[in-house]
Amino acid sequence: MRSYVFKVVIEEDQHEDGRRAYQAYCPEIEEAVTWGDTPEEALQRINELLQALVQMRIEEGRKIPTALELESSAVVVTV
């Protein structure tokens, strides 16, 4: 098993009907974008998405980018 650390950004957003929401994304992996009704839900969803995307990249033999600098928001993915 290997662990990967990715920087994650969580920003306040809103649903189409105006309710508060939070968008989470990983700058190192373009397709890693999701949302949640709370920051915690957005963090959980981006963690699950990153796990799936890293596993897919491993299976396809593609490079897995990693953040060299750790900031306050980071997700550790173990596959």
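The values are calculated or read from the model by the stated rules, or taken from the named source; none is laboratory data. Remember, it's a predicted structure, so these values are computed and weren't measured experimentally. Cβ coordinates were reconstructed from backbone atoms using ideal geometry, including for glycine residues, and neighbour counts include every protein chain displayed.
Computed values, structure above
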item	result
Selection from the stretch 14-27 of residues that are assigned to a strand (DSSP E or B) and at pLDDT below 95	GLN14
Looking only at the stretch 28-73, and only at residues there that are closer than 28 Å to GLY18 by Cα and of a type in the set (Gly, Ala, Ser), the one that is modelled with the lowest pLDDT	SER73
Hits in the stretch 46-67 - residues which are among the β-branched types (Val, Ile, Thr) and part of a helix (DSSP H, G or I)	ILE46, VAL54, ILE58
Cβ-Cβ under 9 Å pairs, at least 6 apart or on other chains, the stretch 8-27 side crowded, with 18+ Cβ neighbours inside 10 Å, far side aliphatic (A, V, I, L, M) and assigned to a loop (DSSP other than H, G, I, E, B)	VAL8/ALA32; ALA24/VAL8; ALA24/ALA32; TYR25/VAL8; TYR25/ALA32; CYS26/VAL8; CYS26/ALA32; CYS26/ALA67
Test: residue in the stretch 31-45 that is touching an Asp or Glu at 6+ places or on another chain (Cβ under 9 Å), in a strand (DSSP E or B) and either crowded, with 16+ Cβ neighbours inside 10 Å or of a type in the set (Ser, Thr, Tyr) (or both)	yes
